[in-house]
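The values are calculated or read from the model by the stated rules, or taken from the named source; none is laboratory data. Just so it is clear, the model here is predicted, and its values are computed rather than measured. Methodologically, a virtual Cβ is constructed for each residue, glycine included, from the backbone with ideal geometry; neighbour enumeration extends over all protein chains shown.
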Amino acid sequence: MNKYQWMRKQRRNKKNYFKSFLILVLIVGIAFLILKGCQSIAEDFWDKVKEKTLDAAAGIVTDTFTINDFYENYENEAADYGTASVVMHDFFPVGEMYMKEYVDLPSDTDTPEYVADGTESETLSEKENGTDEETESASSLGNGASEQDESGEKQTTENPSQGDEDTSASSDDTKQDNSSEGNTSDSQIIAAAAGVYSMNNLLDYNYVLNNFYVVPSVTSLRPQVLDLEKITSVNLTIEKDPSVPQILIFHTHSQEKFADSDQNGKSIVDVGEYLTELLRDKYGYNVIHLTDTFDIAGGVLDRSEAYTYANAKLNEVLAQNPSIQVVIDLHRDGVDASKHLVTTINGKQTAKVMLFNGVSYTKEQGDIDYLYNPYLTENLAMTYKMYLLGAVNYPDFFRCIYISGYRYCLHHVPRSMLIEAGAQTNTYEEVYNAMEPLAELLDKELTIN
């Protein structure tokens, strides 16, 4: 091979190397594009899978809440305040799910101890013994008190969840009202209840919290809010005057119906009308019954703004009727389809009733300032004394006092109540029958300290 041949061969080899390099770059580029395309296709695929999975999960949750009519919703801006709001309203609705007979609640949960000092202990001992005059007054509140005292049997409620050790001051009363505070020993209701429970227990934070209340884990009924000395001393009586409206009944969720509503067309509004008739015709009160619809928007059920609409209407009605001293938001509860909340009262199948308080507090947010309630103490007194009246007169009537972290429509007047009468598994007649003992107990609470 001469010099020229060798040079031609070298040039040919260089061209081959260059071609090989170009081919290699081309192959790598194509491979990269293929892989990128596959990745994009894969991502699109998994995005669609995720989307369908989430849709399916949302459908399951929606169906579950529809079946059980779990209807708790956000209140105003509450949706912007984090996980506790979501958990409170969407995944822990009001109902029997907090009862120990439905869910096994932890029995070893630490509970804050209410410790009385020496002076308080002596006072509690004196209150427990009571006086002959108190005992005589207590017997007039119901048929059950003296009989239960003689038998030595203690009425118990469905066991609720435990409290916690957070502390905060209870709300102050910023508006003038006829409700006043006295001594616990002056309350005939508390004296009557001492025939069912001991006076010590009625004033013991731990006993009351663990036996009368249901408190979900996202909120708390703190000792300084459930101040039993203060709550039991609140005088809730009013001077009856049938010439002016004194009681207002309404329904934030007017579309709540019953197991047989498809047959009879009845709803919670019809139940409220019967309660109105009883309070007016049997007990002599002037009652306004609002039948406005707050949970229908655009012709469909929508409870997302129900409390906002209801509060606006209440502001209007209360401004027009300043004589109103009692406001009741009457509901029916939503529970598991297997639960039937019924007892027998005066020979009638009667739906059980749950009392309800909103404390404007969650563990995540603390005190919710934009849901401030100046009448929280009076609200708690209303449900606590009502519950004790039930224990004296109809021991199996009230299920519990349920505590929620929000306010609802309980801040307009001191004597405000949210009442859950029966559930979607009760018949209309069972819930209708429940209004008779409820009206009786409400009259007692408003006429007997």
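Does residue 170 count as surrounded by fewer than 24 Cβ atoms within 10 Å (Cβ to Cβ), modelled with pLDDT under 55 and either not assigned by TED's automatic domain parsing to the domain that holds residue 402 or not charged (D, E, K, R) (or both)?
Here the answer is yes, as residue 170 does meet what is asked.
Could you please let me know if residue 307 is touching a Ser or Thr at 6+ places or on another chain (Cβ under 7 Å) and more than 19 Å from residue 423 (Cα to Cα)?
Considered against the rule, which asks whether it is touching a Ser or Thr at 6+ places or on another chain (Cβ under 7 Å) and more than 19 Å from residue 423 (Cα to Cα), residue 307 comes out as yes.
The rows are residues; the columns are (1) surrounded by 15 or more Cβ atoms within 10 Å (Cβ to Cβ); (2) modelled with pLDDT of 95 or more; (3) of a type outside the set (Ser, Thr, Tyr).
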site: 301; (1), (2), (3): no, no, yes
site: 316; (1), (2), (3): no, yes, yes
site: 332; (1), (2), (3): yes, yes, yes
site: 345; (1), (2), (3): yes, yes, yes
site: 353; (1), (2), (3): yes, yes, yes
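Among the strands (runs of 3 or more DSSP E) lying completely within region 266-374, list those that include at least 1 residues that are touching a strand residue (DSSP E or B) at 6+ places or on another chain (Cβ under 9 Å), of a type outside the set (A, V, I, L, M, F, W, C) and under 26 Å from residue 220 (Cα atoms).
It comes to 326-333, 353-358.
For region 276-294, state whether one or more residues are on the phi < 0 side of the Ramachandran plot, in the same structural domain as residue 406 (by TED's automatic domain parsing), touching a residue at least 60 places away in the same chain (Cβ under 8 Å) and under 23 Å from the mean Cα position of the chain (by Cα).
no
For region 219-239, name all the residues that are under 26 Å from residue 268 (Cβ atoms) and in contact with a Gly (Cβ under 9 Å, 6 or more places away or on another chain).
Passing the criteria: only 219.
Just give me the residues in region 183-214 being under 26 Å from the mean Cα position of the chain (by Cα) and over 22 Å from residue 225 (Cα atoms), in sequence order.
Selection gives nothing.
Is it the case, given these coordinates, that residue 254 is polar (S, T, N, Q) and surrounded by fewer than 17 Cβ atoms within 10 Å (Cβ to Cβ)?
no
Could you tell me whether residue 407 is within 26 Å of residue 260 (Cβ to Cβ) and of a type in the set (D, E, K, R)?
no
Kindly indicate whether residue 238 is assigned to a loop (DSSP other than H, G, I, E, B) and more than 21 Å from the chain's Cα centre (by Cα).
Answer is yes for this residue.
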